[in-house]
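Here is the structure we will look at.
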Amino acid sequence: GMKIARGALELFESKAFRLPKLQQNVFEFHNDLIVDVRSENEFAEDHIPGAISLPVLHNDEYAHVGTLYKSNPLQARTVGAAIVSRNISNILSTPLFLQKPHTFSPLIYCWRGGMRSRSLALVLSQIGFNVKVLEGGYKSYRQMVRDELENVPNRFKFRVLAGLTGTGKTMLLSRMHLNGFSVLDLEALAEHRGSLLGATRIENIPTSIVDTRNLETTSESLQFRSQPSQKMFESRIFHQLRAVSSQQSPVWLECESSGIGTVRVPAPVLKHFREADILMIRLPLEQRVKKILDDYRMWTEHPEQLISVLAPLTPIHGKRVLDSWFQMIRLGHWEEFVTNLLVNHYDKNYTFSRFQGNVREVSLKDLSDSEIENVFLPIVREMNQ
């Protein structure tokens, strides 16, 4: 028994004492895994895209240690260390670390690169993994996002797709993306369609993004995804711009107002695209109505909810107009209703005055593949020069 115990002791003692390395920013080295050890609430507000959440202090524990710290810092550190140790023990018992080779190289970060990230990093280093800690933690990452967004006007050329509601701008952007153009789809990143009826329905989001199992969906009521926080939205813009293949070719965006649902387009990005050249799409009204009915079929299945969403427009359009819309909705006269909504609400509010760039127009008969291939994309190619 003693021999076995001594063998185990030698095994542990023989390895040189390893310390985690510091990494200046997220992109400095390749990392096999990015681990965010902050609490669940901090992670939910914003995190480095692709990071996984492994809190060494959970929400309530973090709050408890923080409160204690105000009155007794030493005691708080002791209590905190005990809790962190327990949580690290649980983290190490998961398959995530048990089956990794010694070459495994995770990057670990907390809020400022302090005790929380270093605690897990130190233990993983002792095991023999090639561990790095993000210097300055989430705070330094967030500063980098802000700096990069400030710098957007100097680094990217923008082109803007514009057109009245229902001209298929979002669909055209995704077709452009498939054809190799650089695209920044702000509405997709904001998880909102940018208009009154723009909330994104849960069922329309790929399951890879949201775990639909824990959502109670009923046929009576529409459930919408909550949008990302402002910081998370900015993180997504930052990462999507980083992925743009070449800074020589322009990035195409859809014409947006400053707000998309609950999030705001960052000021430097907004200013830059208001100075960009514009491609204005024209589409016949009946084609726009068809597109809206295709895109927002969820509302035709939930007429009463649609009515409650429209009700706040009463001060703008008056009770008589709203009552006529409600009647069309209840009778299922969808083409007539959508035509009315487009002509009297959306088209009147579509403002173009804040843009300073050159405008080109393209008139499409419809949004068929042949029209996109033969009429739309050739103009995009010209403007992309």
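The values are calculated or read from the model by the stated rules, or taken from the named source; none is laboratory data. Keep in mind the model is a prediction, meaning the values are calculated, not measured. Don't worry about glycine lacking a Cβ; one is built from the backbone with ideal geometry, like all the others, and counts go over all protein chains shown. Keep in mind that these areas ignore ligands, DNA and RNA; they rest on the heavy atoms of the full protein, side chains included. Shrake-Rupley method; radii C 1.70, N 1.55, O 1.52, S 1.80 Å.
Could you give the distance between the Cα centres of the range 332-385 and the range 51-71, to the whole Å?
What the calculation gives is 50 Å, centre to centre.
Using the Karplus curve 6.51 cos²θ - 1.76 cosθ + 1.60 with θ = phi - 60°, what ³J(HN,Hα) values do you get for each residue of the range 262-276, in whole Hz, with x for Gly and Pro?
Rounded to whole hertz, the list is 8, 10, 10, 6, x, 3, x, 5, 4, 4, 5, 7, 6, 9, 7.
Does the range 310-385 come out rounded, prolate or oblate by the C-alpha gyration tensor, with a ≥ b ≥ c the root eigenvalues, rounded set by a/c under 1.5 and, if not, prolate when a/b is larger than b/c and oblate if not? It would help to have the intermediate numbers written out before the result.
Values: a/c = 5.09, a/b = 1.85, b/c = 2.75.
It is oblate, given that a/c is not under 1.5 and a/b is not larger than b/c.
If you average the sequence gap of Cα pairs under 8 Å that are 6 or more apart and divide by the length of the range 280-339, what percent do you get for the contact order? Don't jump to the answer; show the numbers that get you there.
Values: 28 pairs, mean separation 26.2, N = 60.
After rounding, I find 44 percent.
Helix 2-14: angle to the longest alpha-carbon principal axis of the chain, degrees 0 to 90, nearest 10?
Helix 2-14 sits at roughly 60 degrees to that axis.
Extension gain ASN154-ARG264, at 0.36 nm per residue separation less the Cα-Cα distance, in nm? Working shown, then result.
On the way: separation 110, 0.36 × 110 = 39.60 nm, distance 2.08 nm.
Full-extension gain reported as 37.5 nm.
Just flag the GluC sites (Glu not before Pro) in the range 38-89 sitting in loop per DSSP whose Cβ has no more than 15 other Cβ atoms within 10 Å. Walk me through the numbers on the way to the answer.
Working: sites: GLU40, GLU42, GLU45, GLU61; in loops: none.
In loop regions of the range 38-89 (DSSP not H, G, I, E or B), there are no sparsely surrounded GluC sites (Glu not before Pro).
Between LYS348 and HIS177, take the C-beta separation as r, use R0 = 22 Å, and let me know the FRET efficiency to the nearest 0.05.
Values: r = 31 Å, r/R0 = 1.41.
The value I calculate is 0.10.
Can you pull out the GluC sites (Glu not before Pro) in the range 230-296 that DSSP calls coil and that have at most 16 other Cβ atoms within 10 Å? Let's see the in-between values first.
Details: sites: GLU234, GLU254, GLU256, GLU275, GLU286; in loops: GLU256, GLU275.
Listed in order of number, the matching sites are GLU275.
For GLN230, project a label point 7 Å along Cα to C-beta. Then give me every residue of the range 28-72 with its amide nitrogen under 19 Å of that point.
So the set is 42-48.
Bin width 10 Å, origin at 0, all Cα-Cα pairs of the range 6-148: what percent of pairs per bin?
The percentages, shortest bin first, are 11, 40, 34, 13, 2, 0.
Return one whole number: the accessible area per residue of the chain in Å², for a 1.4 Å probe. Please report the intermediate quantities before stating the final value.
Values: 20360 Å² over 385 residues.
With the other protein chains kept in place, the chain gives 53 Å² per residue.
When the Kirkwood radius is taken over all Cα pairs of the chain, what Stokes-Einstein diffusion coefficient follows at 20 °C and 1.002 mPa s, in µm²/s? Walk me through the numbers on the way to the answer.
Details: Rh = 24.6 Å.
Taking Rh from Cα pairs, D becomes 87 µm²/s.
Report the normalised scattering of the range 269-354 as log10 I(q)/I(0) at q = 0.17 Å⁻¹, calculated by the Debye formula with identical scatterers on the alpha carbons.
Ignoring solvent entirely, the Cα scatterers give -0.80.
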